[in-house]
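The values are calculated or read from the model by the stated rules, or taken from the named source; none is laboratory data. Because the structure is a prediction, the values reported are computed rather than measured. Positions of Cβ are backbone-derived with ideal geometry, glycine not excepted, and every protein chain shown enters the neighbour counts.
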Amino acid sequence: MNIFKEFQKSIKDIIASLIEAGKLPPDLDLQNVTAEAPRDASHGDIATNAAMVLVKQAKMNPRDIAALIVLELEKIETVETVEIAGPGFINIRLKADFIQNQIGEILKHGIDYGRSEIGAMEKVNVEYVSANPTGPLHVGHCRGAVFGDALATLLDYAGYDVTKEYYINDAGGQIDVLARSAYLRYLEALGEDIGEIPEGLYPGDYLVPVGKAMAEKYGDALKEKDENEWIDDVRKFAANQMMELVRDDLKTLGIEQDIFFSETSLHDNGDIQAGLDALMEKGLIYTGVLEPPKGKLPDDWEERPQTLFKSTLFGDDVDRALKKSDGAWTYFAADVAYHKNKMDRGFNNQIDVWGADHGGYVKRVQSVLTALSDGKAALDVRLCQMVKLLRDGEPVKMSKRSGNFITLRDIVDEVGKDVVRFIMLTRKNDASLDFDFAKVTEQSKDNPVFYVQYGHARVYSVMDKAQIAFPDIDISDDGLSKADLSLLSDESELQLIKTMINWPRVIESAAIAHEPHRISYYLYDLASQFHALWNKGNDRLDLRFIIDDNKEITLSRLAMIKAFSKIIASGLGILGVEPLKEM
């Protein structure tokens, strides 16, 4: 149960009743009325801005509005006290027994505590990674992969119907470069001395097995052919091999996407022309000449007529080219077709996860989706900043396997999937992130993934010790739900429970904001409170989780920390991290 949402509803109902009674004017807009945890815990358990929101509309003193609301809030059975703070903020303090009894709710629902229906099974497409199939995934792809996967899981947890998708850029000039690079390795596999890899081709060793596979399939049949005779076959073969490599790389992170969509299919099926036709029907296509780009002009720029989309009508800086003067499609034309294809598949809610270097493309793609759907579909683009790899504070050298970058697999092989996934979500996606191999593996409070997993493992250690102290104790969820929760009366215990019951609100707010890093922040805060309570028990024997001569209080505290472990396991599950039972 999201108690904050429940109180938000109660507050709105109170305002409605005050309007009906003539104590507040009619037709008040309650959309911005909130109920949330106060920043300062000493202010209470729930804070609402209701009176402040209504000031201008009601043309009343905010404290007078607050006083009317407070009188009604005090009648709610679970409310201990209500206070007006400052100019008219309302702080609510809940009764201790209500807070304590939420432990039973958590144990009842287990790792599903916090699941939400706010998504109402709306279809949402999350497209992420989508790296060019020209080599293994690198650390930049790693961050986007983890972010997209965690976001998809979070949205599923919040009640959306989620499809996880990978867009294969297999129709551009980079695939020709891949084909030529793979062909060189094919000749090498046939025994030829290929010397240094020429400038402009991919030098990584990852293409050696591709060349060998080509030699096994084709023998020397391609050796004497001209490029125009072998390039189509080699292009498809090499791209397929690279996508197998990509899938294997993603599996090391625990990622399996639902759909792998080929850009080439848009060309083959006529979808690009269909996208242009759809815009043409809306009168959004014309032939014109763009102004020269600002700053230094590219060497190949020339003033020439092009087929343009009126993206400036939808907030873009300039209109965008769909066709070049020679009749070839632009990359943007494929983007139009692809996002129209997703819309045609029923995805009016689309999320794309891109690298930060694609920031300039955001507005144009959002514009075309708005145009195609008449504003019914929306695209949220999440840009992920690059990751700086360090070892004891020093930049990490490049990978021999890739030729010029650190691969995703290099990182996972060294520190493990769980560490990589958690650390990649310890910063907001558009903030820079330092990944220091030494720091992310140290066992300390400064390492968030260790600190959170250690909290979960500690609970299981306590459970084992409790069974030794009380051989007949029932530590099943059902057994612990029968504990006398009123015994959890220390302020640090109550604060831990309050943080736990904030979990459903964190889920919903993170899902709405498309910000899975909020989950890792919350888990670290929750684990910190748990460890602080553990340490407090070291100083005060009466606060230990296991009291050898008091089975009743032991059972109550076991119920509390078992509930804690359920939420940690749930949160780690969303992040794609295993909740360890021992470390």
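A few points about this structure:
- Residue match in region 519-537 (condition: in contact with a strand residue (DSSP E or B) (Cβ under 7 Å, 6 or more places away or on another chain) and either within 26 Å of Asp97 (Cβ to Cβ) or modelled with pLDDT of 95 or more (or both)): no
- Annotation note: of Asp29, Asp64, the sole residue that is acidic (Asp, Glu) and without any contact (Cβ under 8 Å) to a residue 24 or more places away in the chain is Asp64.
- Condition broken by Asp319, with the remaining ones in (1) within 29 Å of Val124 (Cα to Cα); (2) under 23 Å from the mean Cα position of the chain (by Cα) satisfied: (2)
- Residues satisfying the stated conditions in region 422-442, i.e. touching an Asp or Glu at 6+ places or on another chain (Cβ under 9 Å) and over 17 Å from Tyr521 (Cα atoms): Asp436, Phe437, Ala438, Lys439, Thr441
- Failed item in (1) surrounded by 19 or more Cβ atoms within 10 Å (Cβ to Cβ); (2) closer than 18 Å to Ala171 by Cβ; (3) modelled with pLDDT under 95, with Ala239 passing the rest: (3)
- Verdict on Val368 being touching a Leu at 6+ places or on another chain (Cβ under 8 Å), surrounded by fewer than 21 Cβ atoms within 10 Å (Cβ to Cβ) and of a type in the set (Val, Ile, Thr): no
- Any chance Val146 is assigned to a helix (DSSP H, G or I) and buried (at least 18 other Cβ atoms within 10 Å of the Cβ): yes
- Just one of (1) crowded, with 22+ Cβ neighbours inside 10 Å; (2) modelled with pLDDT of 95 or more; (3) part of a helix (DSSP H, G or I) fails for Glu165. It is (3).
- Contacts under 9 angstrom Cβ, first residue in region 85-103 being without any contact (Cβ under 8 Å) to a residue 24 or more places away in the chain and within 18 Å of Phe4 (Cβ to Cβ), partner part of a loop (DSSP other than H, G, I, E, B) and of a type in the set (D, E, K, R), 6 or more apart: Lys95/Glu77; Phe98/Glu77
- Residue pairs whose Cβ atoms lie under 7 Å apart, separated by 6 or more positions or on different chains, with the first residue in region 38-51 and crowded, with 16+ Cβ neighbours inside 10 Å and the second of a type in the set (Phe, Trp, Tyr), are Ile46/Phe4; Ile46/Phe7; Ala47/Phe89; Asn49/Phe89.
Rundown of residues vs (1) crowded, with 21+ Cβ neighbours inside 10 Å; (2) touching a helix residue (DSSP H, G or I) at 6+ places or on another chain (Cβ under 6 Å); (3) outside the structural domain of Ala563 (by TED's automatic domain parsing); (4) of a type outside the set (Gly, Ala, Ser), yes/no style:
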position	(1), (2), (3), (4)
Ser509	no, no, no, no
Arg518	no, yes, no, yes
Ala532	no, no, no, no
Leu541	no, no, no, yes
Arg544	no, yes, no, yes
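- Single residue of Leu523, Leu555, Leu572 found to be farther than 20 Å from Leu151 by Cβ and in contact with a helix residue (DSSP H, G or I) (Cβ under 8 Å, 6 or more places away or on another chain): Leu555
- Any hit, region 567-583, residues being modelled with pLDDT of 95 or more, within 27 Å of Lys95 (Cα to Cα) and charged (D, E, K, R): no
- Leading residue by the ranking (farthest from the chain's Cα centre (by Cα)) among those in region 241-269 that are in a loop (DSSP other than H, G, I, E, B) and not β-branched (Val, Ile, Thr): Asn269
- The residue pairs whose first member lies in region 221-238 and is touching a residue at least 60 places away in the same chain (Cβ under 8 Å) and in a helix (DSSP H, G or I), whose second member is crowded, with 16+ Cβ neighbours inside 10 Å and not polar (S, T, N, Q), and whose beta carbons are closer than 6 Å, counting only pairs six or more residues apart or on different chains, are Arg235/Ile175; Arg235/Ala179; Ala238/Leu178; Ala238/Ala179; Ala238/Ala182; Ala238/Val210.
- Residues that are of a type outside the set (Phe, Trp, Tyr), part of a helix (DSSP H, G or I) and under 29 Å from the mean Cα position of the chain (by Cα) do occur in region 531-551.
- Criterion violated by Leu390 - all others in (1) aliphatic (A, V, I, L, M); (2) part of a helix (DSSP H, G or I); (3) not assigned by TED's automatic domain parsing to the domain that holds Asn535 satisfied: (2)
- Qualifying helices (runs of 4 or more DSSP H) (wholly inside region 415-500; at least 2 residues being among the aromatic types (Phe, Trp, Tyr) and within 25 Å of Leu533 (Cα to Cα)): 448-469
- For region 103-139, the candidate set comprises residues that are part of a loop (DSSP other than H, G, I, E, B) and under 16 Å from Phe564 (Cβ atoms); within that set, the residue that is farthest from the chain's Cα centre (by Cα) is Tyr113.
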